[in-house]
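S.K.: Dumping the structure here so I can ask a few things about it.
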Amino acid sequence: MLLVFLAHFSQELIIGPPASGIPLLLQQIGMVASPTFVLVSGLTLAFVLGRARPAMMRQAQLRIFDRALFILIVVHLVLTVSDVLLAPYQRGIRQFFITDLVALNLMVGLILVPRFSPGARVAIGALLYSTGWITHALLHPVGIGFVAVAEEILTGPTVSHALDYGFPVFEWGGVFLVGTVLGETLAAARTADARRRWATRLLWVGASAVVIAVSLKAIVLTSPIRAEIATYPVLREFLSIFGKAPPSPIYLMFFGGLGTCIIAGATLLSVNGLAVRVNEWVSVLGRNSLFVFVLQSAVFRDLVARVPLEGRVWAWPLAFVMATLVIWSGARVWDRVGGNRWFTLGVAQLGTAGSLQVRRS
């Protein structure tokens, strides 16, 4: 979540997109946030389902579906207000937020995780990812009609710019399904030694992905056909290390690899009882991640964006630390009052009541 803070903070440092310098570097570092966020979402879903007792499985599924529906409806409206309507600069209202992506993935994951093996889910994820890229490369609808909007939501931006910003469902859905495999294997690791082995393997996988990504990018940059690649926009996107809409393979290997290393490192610290105070501090953000995401949107988009930070490099660390402390303090209060129970549309309660009524009859 701290990487999300950094990514959004860096976007408020100057007016307009950064061409170079520290703001650009911070934005590039913040790119670790998106694949990590999606992987952790899939991991959490599979972990919760994997640890649920058979008698409580339906209730767990209803709670997750209820939360996903809440995110898709209520959180989308709240983020539209904080990210767009209250922002001090003009932003397009046609947004498909990363929370919308996660909500849809949770709904699909509720169907796929209990019914398909980890290998099958990886295959489905690869199919989604390749289908998304092929569709993105071949179909180019015009206008902002239903077809154009649907394609941009599902596979990525087009020349029609039907969305002002979005996270393509197909390509990122493939990443989410990989996260469910990580979560299922973590749920099966019942002992400290098993979790330590899980984290060590994940660390090697993440580090290997980063090395492969850097090697591939080096080959592209030194290739004699580099100039020719630049003439094909889709190929240039596909080989970009910074392409996230849709996410390119090199982007996912590099930033997703770094994200898996962070997940593995955090697990090893927890299992080995290291950095206990830091872990307790960060866990407040983790337990209340949805509230924190909504709050950080308001803090960075509506408050920090109004502070004249451009050109005042000395003030950037202070502003980031203060904003982070404000968000953490809000999360701490939310955690103490058990605020997560309010993130519901009542679907889980209705479903539970209905099942009880059926059993009684």
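S.K.: Condition first: open to solvent by less than 30 Å² (accessible area, probe 1.4 Å) and on the phi > 0 side of the Ramachandran plot. Now tell me which residues in the stretch 132-165 satisfy that.
M.R.: The one that is open to solvent by less than 30 Å² (accessible area, probe 1.4 Å) and on the phi > 0 side of the Ramachandran plot: 156.
S.K.: What's the number of the condition residue 224 fails, among (1) part of a loop (DSSP other than H, G, I, E, B); (2) open to solvent by 70 Å² or more (accessible area, probe 1.4 Å); (3) modelled with pLDDT of 90 or more?
M.R.: All conditions pass for residue 224, except number (3).
S.K.: Within the stretch 279-297, restricting attention to residues that are under 15 Å from the mean Cα position of the chain (by Cα) and of a type in the set (Ser, Thr, Tyr), which residue is least open to solvent (accessible area, probe 1.4 Å)?
M.R.: Of everything passing the filter in the stretch 279-297, 297 is least open to solvent (accessible area, probe 1.4 Å).
S.K.: May I ask you to list the residues in the stretch 84-128 that are aromatic (Phe, Trp, Tyr), touching a residue at least 12 places away in the same chain (Cβ under 8 Å) and closer than 27 Å to residue 62 by Cβ?
M.R.: Filtering the stretch 84-128 down to residues aromatic (Phe, Trp, Tyr) leaves 89, 96-97, 116.
Filter again for touching a residue at least 12 places away in the same chain (Cβ under 8 Å), leaving 89, 96-97.
96, 97, listed by residue number.
S.K.: Looking at the stretch 19-56, which of the residues that are more than 18 Å from the chain's Cα centre (by Cα) and open to solvent by less than 30 Å² (accessible area, probe 1.4 Å) is nearest to residue 244 (Cα to Cα)?
M.R.: 23
S.K.: Under 7 Å between Cβ atoms, at least 6 apart or on separate chains: pull out the pairs that start in the stretch 200-227 with a residue that is without any contact (Cβ under 8 Å) to a residue 60 or more places away in the chain and end on any residue that is open to solvent by 80 Å² or more (accessible area, probe 1.4 Å).
M.R.: From the stretch 200-227, the pairs are 220/226.
S.K.: Between 205, 178, 159, which is assigned to a helix (DSSP H, G or I) and more than 16 Å from the chain's Cα centre (by Cα)? Break it down into steps so the answer makes sense when it comes.
M.R.: Working: 178 fails: more than 16 Å from the chain's Cα centre (by Cα); 159 fails: assigned to a helix (DSSP H, G or I).
The match here is 205.
S.K.: Taking the conditions exactly as written (assigned to a loop (DSSP other than H, G, I, E, B) and out of contact with any strand residue (DSSP E or B) (no Cβ under 7 Å at 6 or more places or on another chain)), does residue 24 satisfy them or not? I'd like the intermediate steps shown before the answer.
M.R.: On the way: assigned to a loop (DSSP other than H, G, I, E, B): no; out of contact with any strand residue (DSSP E or B) (no Cβ under 7 Å at 6 or more places or on another chain): yes.
Answer is no for this residue.
S.K.: Moving on. Would you mind listing the helices (runs of 4 or more DSSP H) fully within the stretch 277-361 where at least 3 residues are modelled with pLDDT of 95 or more? If you could, list the steps in order and put the result at the bottom.
M.R.: On the way: elements: 289-297, 316-336, 347-360.
Ranges flagged: 289-297, 316-336.
S.K.: Then there's this: Conditions first: (1) part of a helix (DSSP H, G or I); (2) at pLDDT 90 or above; (3) of a type outside the set (Ser, Thr, Tyr); (4) open to solvent by 30 Å² or more (accessible area, probe 1.4 Å). Residue 242 passes all but one, so which condition is the exception?
M.R.: (1)
S.K.: When you check residue 168 against the structure, is it surrounded by 17 or more Cβ atoms within 10 Å (Cβ to Cβ) and either within 23 Å of residue 240 (Cβ to Cβ) or not β-branched (Val, Ile, Thr) (or both), yes or no?
M.R.: Working: surrounded by 17 or more Cβ atoms within 10 Å (Cβ to Cβ): yes; either within 23 Å of residue 240 (Cβ to Cβ) or not β-branched (Val, Ile, Thr) (or both): yes.
So residue 168 fits the description; yes.
S.K.: Within the stretch 236-278, track down each residue that is β-branched (Val, Ile, Thr) and either more than 20 Å from the chain's Cα centre (by Cα) or closer than 26 Å to residue 156 by Cβ (or both).
M.R.: We begin by selecting, within the stretch 236-278, every residue β-branched (Val, Ile, Thr); these are 241, 250, 260, 262-263, 267, 271, 276, 278.
Within the stretch 236-278, 241, 250, 260, 262, 263, 271, 276, 278 qualify.
S.K.: How do the pairs read when you match residues in the stretch 272-285 that are closer than 25 Å to residue 191 by Cβ with residues anywhere that are in a helix (DSSP H, G or I), using Cβ under 6 Å and keeping only pairs 6 or more apart or on different chains?
M.R.: As it stands, the answer is 275/269; 279/270, since those pairs meet every condition given.
S.K.: Say whether the condition of being outside any helix (DSSP H, G or I), among the aliphatic types (A, V, I, L, M) and within 15 Å of the chain's Cα centre (by Cα) is met by at least one residue in the stretch 6-18.
M.R.: no
S.K.: Now a separate question. Show the residue pairs meeting these rules: Cβ distance below 8 Å; 6+ apart or different chains; first residue within the stretch 315-340 and without any contact (Cβ under 8 Å) to a residue 60 or more places away in the chain; second residue among the aromatic types (Phe, Trp, Tyr).
M.R.: Pairs that qualify, where the first residue is without any contact (Cβ under 8 Å) to a residue 60 or more places away in the chain and the partner is among the aromatic types (Phe, Trp, Tyr), are 328/281; 330/291; 331/291; 334/291; 339/291; 340/291; 340/334.
The values are calculated or read from the model by the stated rules, or taken from the named source; none is laboratory data. Since the model is a prediction, treat every value here as computed from it, not as a measurement. FYI the Cβ positions are ideal-geometry reconstructions off the backbone, even for glycines, and counts take in every protein chain you see. The accessibility values were calculated without ligands, DNA or RNA, using every heavy atom of the protein model including side chains. Shrake-Rupley method; radii C 1.70, N 1.55, O 1.52, S 1.80 Å.
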